[in-house]
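*Asks:* Encoded as C-alpha cells, here's the structure I'll be asking about.
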Amino acid sequence: MLRLEGVSKAFGPIRRFDVRQRRFVDPRREALNRLAAGEDRSTVEDDLHVNVALRDVNIDVNKGEIFVLMGLSGCGKSTLLRCVNRLIRPSFGHIYLDGEDITTMDAKRLREVRRTKISMVFQHFGLLPHRTVLDNVAFGLEVQGLLRADRYARASAMLETVGLADRTDAFPHELSGGMKQRVGLARALVSEPDLLLMDEPFSALDPLIRTSLQQEIIDLQRRLGLTILLVTHDLDEALHMGDRIAILSTPDEEGGNVMQVGEPADIALRPEGEYVSRFVRDLNRVRVLTASDMMWVPETVGRVTEDPVVLYDRMDRRGLEALPIVSDRNVLVGRLTRTAARTAARSEAFTADVVDALRTVEGDCPVEEVTSLLLTDDSPLGVVDAGGAFLGIVRSTHIVRLFESGVNSDDE
Ligand SMILES: Nc1ncnc2c1ncn2[C@@H]1O[C@H](COP(=O)(O)OP(=O)(O)OP(=O)(O)O)[C@@H](O)[C@H]1O
Ligand SMILES: [Mg+2]
C-alpha cells in the first residue's frame, strides 16, 4: 500500500558552482555519493554544507499492518515520516501510496490526500489549546467541508472509541498526558484515514498509561483495518506493537539507513549484521519466543494404530526412550515410553492402552507460560496446532538451552 523507493533526504543547498568542473553541481547528490563510497559523514557534510538524513531507503508497507520504524535518536525517523505525508519533500526517490506518487503530487491533490488518506499523530499532541476536546477532534473534519452536526456526531463517536466520552467539553490543559494523546489519536482517526503516521506517540506518557494505550491502538488498528507507520526508539514497544519492524541507522552505514526489515522474532532472534546485533543485544529475547520456537521436532513418531512390538523395535533401533504417538490424522494422542512398549508387547496389549497422556500447549503459547508449566511439573509438553495436530515436544531441558543459545534445540 505504501512503497518507498530509493528515498534520500539531504538538507542544504541544491546547487553549487564547482570551480574545477566549471559547472553547477548538486551538493546533495555529491554528499550521497560520497557517503555511499564510505567517506566519513562529518567530513562530507562539512565540505558540502549539507546535512544528510536519509540515504537510499526502500520499504514496502502492507495494507493493514503496523510497520515500525525504529532507531537511535537522529537516525532520520521523523524525517522519513515527514516525507511520507510530504511535510518535507525527499531529495531523491519516490513514495507511492496506493500506486500514486506522493513526491510529485501537486498541492491540490496533496491536500486531498492528507484530508482523506493520511493522518498523523504527533509526539507532543499538537492540540489547539483554546478549543475543547470535542472541537479539537471535529477540527479535522472542518476542512473536509462536512456539516456542523455531522462533524460533531463523528467527533463524539470517535471520542467514545478512545474512551473519552465524558471529557468532550474539557480543554487540553485539563487533561493528563495520556488523555491528550487520546485526543490526538481521535483527531487523527476521525477522518477515517487509510494510513496513520505516528511519531513516538507514547514517549511523553508514563509507563502504565503507555502500555494500555499501546494495547488499545493495536485493538483499534485491527478493528478498523488501519495501516500504521509507527516511529519509536523503544525496542520493547517495537517488538510488542510491530507486525514488521525496520531497524534504521544513520545514513553513513553501508547500504543506507535501513539495516534490517523483519518480523519481531526475526529482529530479536536473527539480527542481520553487526549493527542490528548490537542493537538487540540487551533485549530480553525470551519474551517474544513461543512454544514452537523452543520445541524439539522428533525425526519419527508412532501411530496409535501401530503394534507395540513395532514401536518398541523402532525405539530400540534409534536409541529412543519414548515416542510421541499420533492418530492417523496426526492428532497427538500421548507418549509411549520404551518400558511401556515392552510390557505391552509381552502382554499383547494395544498401543492405545499403554500410551501416557501428555499435557499440550499450542504452538503460539508464550515461553513464559511454557516455562511455568514445566516448573510445576517437569514431564514433557506436547506442542500442537489449533486443530490438535502434533508439532513437537518441549522438555524442561529445552528452557536451559534457550537461555544459552536462543533458538531451537535439536535433539532429545
Ligand atoms: N530541517 C532540517 N534541517 C537540517 N537538518 C535536519 C532537519 N531536520 C532534520 N535534520 C537532520 O536530519 C537528521 C535526522 O533527524 P530526525 O529528526 O529525522 O531524527 P529522528 O530519528 O527522528 O531522531 P529523534 O529520535 O531524536 O526524534 C539529523 O541529523 C538532523 O539534524
Ligand atoms: Mg524524531
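*Asks:* Given the criteria in the same structural domain as D234 (by TED's automatic domain parsing), within 16 Å of ligand 1 (Cβ to nearest atom) and of a type outside the set (A, V, I, L, M), does F202 qualify? Outline the logic, then answer.
*Replies:* Numbers: in the same structural domain as D234 (by TED's automatic domain parsing): yes; within 16 Å of ligand 1 (Cβ to nearest atom): yes; of a type outside the set (A, V, I, L, M): yes.
In short, yes.
*Asks:* Now for a different question. Inspect the range 53-61 for any residue being modelled with pLDDT under 90 and surrounded by fewer than 16 Cβ atoms within 10 Å (Cβ to Cβ) and give the result as yes or no. Full working, then the answer.
*Replies:* Kept after step one, since they are modelled with pLDDT under 90, are these residues of the range 53-61: none.
No, the range 53-61 contains no residue that is modelled with pLDDT under 90 and surrounded by fewer than 16 Cβ atoms within 10 Å (Cβ to Cβ).
*Asks:* So S73 passes all but one of these: (1) within 16 Å of ligand 2 (Cβ to nearest atom); (2) in contact with a strand residue (DSSP E or B) (Cβ under 8 Å, 6 or more places away or on another chain); (3) closer than 19 Å to M198 by Cβ. Which condition number does it fail?
*Replies:* (2) is the only condition that S73 fails.
*Asks:* Right, next: If you go through the range 92-115 one residue at a time, do you hit one that is at pLDDT below 95, away from ligand 2 (no atom under 16 Å from the Cβ) and closer than 18 Å to A186 by Cα?
*Replies:* Looking through the range 92-115, at least one residue is at pLDDT below 95, away from ligand 2 (no atom under 16 Å from the Cβ) and closer than 18 Å to A186 by Cα.
The rows are residues; the columns are (1) part of a strand (DSSP E or B); (2) buried (at least 17 other Cβ atoms within 10 Å of the Cβ).
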position	(1), (2)
T300	no, no
L311	no, yes
R317	no, no
P324	yes, yes
D328	no, no
L332	yes, yes
L336	yes, yes
A340	no, yes
A344	no, yes
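*Asks:* Could you check N51 against (1) touching a residue at least 60 places away in the same chain (Cβ under 8 Å); (2) over 25 Å from A238 (Cα atoms); (3) within 16 Å of ligand 2 (Cβ to nearest atom) and say which number it fails?
*Replies:* Every listed condition holds for N51 apart from (1).
*Asks:* Right, another one. Being within 12 Å of ligand 1 (Cβ to nearest atom) and either within 30 Å of S203 (Cβ to Cβ) or in contact with a strand residue (DSSP E or B) (Cβ under 7 Å, 6 or more places away or on another chain) (or both) is the filter here, so list the residues in the range 32-70 that pass it. Before the answer, list the steps.
*Replies:* Residues of the range 32-70 that are within 12 Å of ligand 1 (Cβ to nearest atom), as a first pass: 41-42, 45, 49-55, 57, 69-70.
Selection gives R41, S42, E45, V50, N51, V52, A53, L54, R55, V57, L69, M70.
*Asks:* Can you find, within the range 151-172, the residue that is surrounded by the most Cβ atoms within 10 Å (Cβ to Cβ) among those that are in contact (Cβ under 8 Å) with a residue 40 or more places away in the chain and either outside any loop (DSSP other than H, G, I, E, B) or in contact with a Lys or Arg (Cβ under 6 Å, 6 or more places away or on another chain) (or both)?
*Replies:* Initial filter on the range 151-172 (in contact (Cβ under 8 Å) with a residue 40 or more places away in the chain): 161-163, 171-172.
Now drop any that are not either outside any loop (DSSP other than H, G, I, E, B) or in contact with a Lys or Arg (Cβ under 6 Å, 6 or more places away or on another chain) (or both), which leaves 161-162, 172.
Values: T161: 18, V162: 21, P172: 19.
The qualifying residue surrounded by the most Cβ atoms within 10 Å (Cβ to Cβ) is V162.
*Asks:* While we're here: For the range 178-204, which residues satisfy the criterion of being more than 16 Å from ligand 2 (Cβ to nearest atom) and hydrophobic (A, V, I, L, M, F, W, C)?
*Replies:* Matches in the range 178-204: M179, V183, L185, A186, A188, L189, V190, L195, L196.
*Asks:* In the range 184-212, what residues are under 21 Å from V61 (Cα atoms) and in a helix (DSSP H, G or I)?
*Replies:* Those that are under 21 Å from V61 (Cα atoms) and in a helix (DSSP H, G or I): L185, A188, L189.
The values are calculated or read from the model by the stated rules, or taken from the named source; none is laboratory data. Since this is a predicted model, take the numbers as computed values, not measurements. Note that we place each Cβ from the backbone using ideal geometry, even for glycine, and neighbour counts take in every protein chain shown.
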